[in-house]
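First comes the structure, then the notes that go with it.
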Amino acid sequence: MKDQHFVVIGNGPAGNEAALTLREHAKDARVTLISRETGGCYRPHLLPRFISGKFAKEDLYVFSPSSYKELGIKFRSGQEVIGLNLKKQEIFLDHREIIKYDGLILALGGKPRIPEGLLVFSDLMLTLKTIDDAKIWSRELEKAESVLMIGGDLTSLSFTHQLIGMGKKVLFAINENSFWPMNFSKNLYNGVSERLVKRGVTVLDYSRIRSMSNLPEGGIEMRTGKETVSADIIGAFFGMVPDVGFLARSGLKLDRGILVDEYLNTGFKGVYATGDCAQVYHPEINDYWISIGHDNAVALGKTAALNLVGEKIKVEPERVFDVQGVRVNSSWWMEF
Ligand SMILES: Cc1cc2nc3c(=O)[nH]c(=O)nc-3n(C[C@H](O)[C@H](O)[C@H](O)COP(=O)(O)OP(=O)(O)OC[C@H]3O[C@@H](n4cnc5c(N)ncnc54)[C@H](O)[C@@H]3O)c2cc1C
């Protein structure tokens, strides 16, 4: 491993774990961790509680930039990877620097999914994925009395809980695309709406959003086929999609995420994908699955790193569900 350079792209739960594992198991190698976001590694699932004021920003972090330095991991914070040359083993950064690697782990995670029909309204809706998103929510909520949640993924349910605790009036628009990654069913719909209504949330049933516009007196108006509603903030919560657009010309096989075998290898020697951005082959079901959730990301990050340093560990999903044509492995929503 001497003089080898291992690079991890992405510093979410999967990338952080991969870098720490590489450091531990490849003591002589150089390890670099590249993160588009500034600051250390934080836990995205605590963002709703951070917004509600129950968590200080510092408490979100599990690893600070100085801790990486102490461990001998080169941490490149606030730097975005914009391309790869897998034949030359090169990584292109947005400020035009090129980094050479001997082994590479892609831990790119996901970004908020906005359904195609709603992209035109993107500027009018807030999403929640990063600390920066959370800061925008905090700022907007200071002057807001009401929030309209659309999409209904799992994040929205825990966030709604916090919003109610903050004394906000919450409206929740549900249709058959709601609750991703859970499969929509009438039972689930009834169960969730009943719980929301009990907590004082106004539940709106809609089939299509026809328009959204800023109101002159402030707030945003949304028209569905059935009704017109308005709120100070509209939040879009349609789940996450892997953030792999910049890899389109890299030669990696992409579908919903980066396709990898059961060892998380991409088909290129020494190149692995892990966490939420990986779409993992399963020989028994003869299909690919994606993983969602903090604990899965950490476990996959560790496995990718161990395989990069020479082990041969297969990843086994615990429970795979078919969600709108995508096979998903997560224990996350079982807790809801
Ligand atoms: C608000 C919220 C609530 C959640 N609640 C729960 C929960 O209750 N339970 C649970 O289990 N899970 C929850 N999750 C999901 C969980 O956080 C994710 O499954 C987990 O973070 C995935 O980890 P990851 O490392 O694969 O990806 P991510 O956490 O998405 O990290 C990927 C990192 O890669 C960086 N990156 C991407 N592209 C580039 C690039 N080109 N160059 C440089 N850096 C790049 C990103 O900036 C990001 O920091 C929640 C997520 C959110 C957002």
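The values are calculated or read from the model by the stated rules, or taken from the named source; none is laboratory data. Because the structure is predicted, anything quoted here is derived from the model rather than measured. Counting neighbours? That spans all protein chains shown, and the Cβs are built from the backbone with ideal geometry, glycine included.
Per-structure values
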item	result
Enumeration of residues in segment 228-268 that are aliphatic (A, V, I, L, M), within 21 Å of Thr130 (Cα to Cα) and under 17 Å from the mean Cα position of the chain (by Cα)	Ala236, Met240, Val241, Val244
Residue ID - surrounded by the fewest Cβ atoms within 10 Å (Cβ to Cβ), chosen from residues in segment 165-179 that are touching a helix residue (DSSP H, G or I) at 6+ places or on another chain (Cβ under 8 Å) and hydrophobic (A, V, I, L, M, F, W, C)	Met166
Residue, farthest from Ser213 (Cα to Cα), within segment 96-118, restricted to residues that are loosely packed, with under 15 Cβ neighbours inside 10 Å and modelled with pLDDT of 95 or more	Lys100
Test: residue in segment 137-151 that is among the polar types (S, T, N, Q), assigned to a loop (DSSP other than H, G, I, E, B) and crowded, with 16+ Cβ neighbours inside 10 Å	no
Pair list, Cβ under 6 Å, 6 or more apart: segment 151-163 residue more than 19 Å from Glu176 (Cβ to Cβ) and at pLDDT 90 or above, other residue within 9 Å of the ligand (Cβ to nearest atom) and assigned to a helix (DSSP H, G or I)	Phe159/Pro48; Gln162/Pro48
Residue among Val7, Val31, Val81 that is farther than 15 Å from Ile131 by Cβ, away from the ligand (no atom under 13 Å from the Cβ) and either β-branched (Val, Ile, Thr) or at pLDDT below 95 (or both)	Val31
Which numbered condition Lys87 fails, given (1) more than 10 Å from the ligand (Cβ to nearest atom); (2) outside any loop (DSSP other than H, G, I, E, B)	(2)
Where a residue in segment 275-302 is within 17 Å of Thr155 (Cβ to Cβ) and in a loop (DSSP other than H, G, I, E, B) and its partner, wherever it lies, is within 16 Å of the ligand (Cβ to nearest atom) and aliphatic (A, V, I, L, M), with Cβ under 7 Å and at least six apart	Ile292/Val328
Matching residues in segment 304-331 - criterion: being in contact (Cβ under 8 Å) with a residue 40 or more places away in the chain, out of contact with any Asp or Glu (no Cβ under 7 Å at 6 or more places or on another chain) and within 14 Å of the ligand (Cβ to nearest atom)	Ala304, Ala305, Val328, Ser330
Some residue of segment 183-201 being more than 16 Å from the ligand (Cβ to nearest atom), without any contact (Cβ under 8 Å) to a residue 24 or more places away in the chain and under 30 Å from Thr274 (Cα atoms)	yes
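For (1) surrounded by fewer than 17 Cβ atoms within 10 Å (Cβ to Cβ); (2) modelled with pLDDT under 95; (3) part of a strand (DSSP E or B); (4) in contact with a Lys or Arg (Cβ under 7 Å, 6 or more places away or on another chain), each residue gets a yes or a no:
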| residue | (1), (2), (3), (4) |
| --- | --- |
| Tyr189 | no, yes, no, no |
| Val192 | no, yes, no, no |
| Ser213 | yes, no, yes, no |
| Met222 | no, no, yes, no |
| Phe238 | no, yes, no, yes |
| Lys269 | yes, no, no, no |
